[in-house]
Number of protein chains: 2
Amino acid sequence: MLRSCSRLVKRPIHWTVPPCGSRAASSVGVLKPFSGSPFWGTTVRWCQSGLAKNHCSLPDSEPPKDYALPNSSWSPEMVDEFNKFTKLEKDGTWRKLPSYRNVIEVVPEKLKQVPYMLKDRGTRLFLRNIDEEGMGFEYAMFLNPTEKRLVSMVQFGPYLEGPPGCAHGGSIATILDSVLGVLALCVVGRVMTANLNINYKSPVPLGPAVLVESKLDRTEGRKVFVTGEIRSHDGQTLHAEAEGLFILWENLPLNNKPK
Amino acid sequence: MLRSCSRLVKRPIHWTVPPCGSRAASSVGVLKPFSGSPFWGTTVRWCQSGLAKNHCSLPDSEPPKDYALPNSSWSPEMVDEFNKFTKLEKDGTWRKLPSYRNVIEVVPEKLKQVPYMLKDRGTRLFLRNIDEEGMGFEYAMFLNPTEKRLVSMVQFGPYLEGPPGCAHGGSIATILDSVLGVLALCVVGRVMTANLNINYKSPVPLGPAVLVESKLDRTEGRKVFVTGEIRSHDGQTLHAEAEGLFILWENLPLNNKPK
């Protein structure tokens with residue numbers, strides 16, 4: 001899940017040392033420092049072994065590519081949904097969130113402060129790791145900060161297969177974790193997923209656009225409760241519904257938190 | 001999740017028509033036929049549009065490649081675990097399950113009956129969609145049919161990133177859905193995921209081997225309850241724990257069900 005990098009901006013460190021905080025335990029408050037993990041040394045050795053060499057194609061001078069834009073693989077229904085929410089941006093109720101290959105701030109003005117997140121890291125965001133357009137995840141997210149809602153139009157490509165012709169249950173979990181988590185990030189602050197509970201209601205076919213809708217349910221201290229569902233483009237078929245519990249792992253709000 | 005293709009063997013159909021049954025509703029018994037979905041026509045049009053052309057590199061004469069074997073990207077700890085369970089195969093308590101790019105039977109002798117699953121489909125199993133060794137999921141599964149347990153050694157590659165340096169919550173959900181689902185498939189029969197509930201306890205770093213262990217908890221009619229967890233290679237760190245509910249969508253057991 002995406003999260004803020006403001007701490008990294010203040011204290012830049014070599015990427016081979018995982019800067020992420022500990023994934024929140026179900027019991028809130030049990031947040032162990034990641035550097036205490038027995039994997040610390042192993043991870044560093046693995047990253048230095050040559051396997052995770054520079055696979056990022058972005059030169060220093062090139063601005064990061066926003067992948068949350070229509071391309072030739074998008075179905076007419078997918079483009080229709082995108083255009084519908086793009087029009088809603090005009091009155092300020094909804095805003096499109098850009099999407100990149102590496103884990104970076106969701107707000108563009110912060111990008112220039114985290115150039116090392118875009119190069120020499122050798123990693124890719126799980127949802128953006130397929131080069132060919134249309135073969136993996138195609139999606140764009142729109143945020144309504146006032147209503148604390150996030151909507152995403154999604155197309156599952158043929159490389160996300162589980163049952164023949166249908167999306168893998170893990171790919172469905174992946175887009176739900178992302179949509180719910182990005183909403184929590186944008187509205188509350190830097191969070192980690194603590195629990196994800198998914199009811200799979202009907203299979204998601206590879207190809208047609210579906211809509212993922214999420215809303216902030218409530219917060220209790222550092223706990224952030226978010227719900228979401230995946231429906232067919234016409235709204236007639238409920239494919240999956242999910243509840244997510246995210247833990248705010250730094251009480252300071254994001255500077256760029258939507259007002 | 002993998003599942004049997006025996007129905008397809010009996011009635012081969014063009015791959016562009018999703019042959020999967022309806023994903024089981026949480027309320028068991030509400031299994032609508034997939035062909036009644038409003039997506040039916042849209043899916044067929046999308047598949048015929050040229051996007052999902054043949055991306056499968058397997059010629060007719062070539063046997064399918066089993067990806068659940070050590071390669072140069074595997075860490076020493078990953079290879080150690082693989083070798084440990086390979087030795088346990090000798091007394092018949094554990095057996096290694098092969099893993100392919102397309103959704104096919106888990107038992108090799110069935111492969112020759114489903115050649116159309118290996119070619120001209122343009123799809124890939126979600127967990128096997130990265131060409132470069134070590135960049136995506138690296139894993140092998142071993143089944144203990146008597147104890148109804150399945151163990152998988154897993155390495156999360158740099159293209160599965162969520163938080164910087166760590167596995168995406170969706171990639172963790174993906175391997176859990178797969179391990180729990182394959183166990184249910186092997187021990188009970190063809191199943192669909194109905195519910196997946198994951199507690200994320202501590203982050204999974206990209207690189208080091210982890211162990212995913214699952215066991216069949218119980219069955220109630222067509223409901224199959226499976227639990228699982230992800231631990232560090234040395235067993236000291238609990239990364240995630242999961243409960244899965246799977247629905248047996250055909251009462252006939254697999255012919256190749258492990259005895």
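Just so you know, all these numbers are worked out from the coordinates, no wet-lab data involved. Only a predicted model underlies this, so the values are computations on that prediction, with no experimental measurement involved. When we count neighbours, we look across all protein chains shown, and the Cβ atoms used for this are built from the backbone with ideal geometry, even at glycine.
Just tell me how shielded B:84-97 is by partners: mean number of partner chain Cβ atoms within 10 Å of each residue's Cβ, no decimals. Kindly include the intermediate steps, with their values, before the conclusion.
Values: counts 0, 0, 0, 0, 0, 0, 0, 0, 0, 0, 0, 0, 0, 0.
Mean partner shielding for this stretch: 0.
Peptides A:181-193, B:72-84, A:159-171: what's the order by average Cβ count within 10 Å, highest mean first? Don't skip to the end; give the middle numbers.
Details: A:181-193: 25.5, B:72-84: 16.5, A:159-171: 27.8.
Packing order, densest peptide first, comes out as A:159-171, A:181-193, B:72-84.
Please compute the net charge surrounding residue B:212, taking Lys and Arg as +1 and Asp and Glu as -1 over other residues with Cβ under 9 Å from its Cβ.
On the way: positive: B:231; negative: B:213, B:229.
The answer is -1.
Would you mind giving the mean number of other chain beta-carbons within 10 Å of the Cβ of each residue in B:127-137, as a whole number?
Details: counts 6, 2, 11, 5, 1, 2, 1, 4, 7, 4, 1.
Per-residue shielding by partner chains comes out at 4.
Once the label point is set 7 Å along the Cα-to-beta-carbon vector, what list of distances in nm do you get between residue A:72 and its counterparts in the other copies?
Here residue A:72 shows inter-copy label distances of 3.4 nm.
From the label point of residue A:95, set 7 Å from Cα along Cα→Cβ, how far away are the matching label points in the other copies, in nm, ordered shortest to longest?
5.7
Using 0.36 nm per residue of separation minus the Cα-Cα distance, give me the extension gain between residue A:238 and residue A:69 in nm, one decimal. Mind showing how you got there, number by number?
Values: separation 169, 0.36 × 169 = 60.84 nm, distance 2.53 nm.
Full extension of this stretch gives 58.3 nm more.
Placing the label point 7 Å from Cα along the Cα-to-Cβ direction, what are the distances from residue A:84 to the equivalent spots in the other copies, shortest first, in nm to one decimal?
Relative to the other copies, residue A:84 has label-point distances of 5.2 nm.
Run the quick spin-label model on residue A:133 and residue A:220: label points 7 Å from Cα toward the beta carbon, then report their separation in nm to one decimal.
4.6
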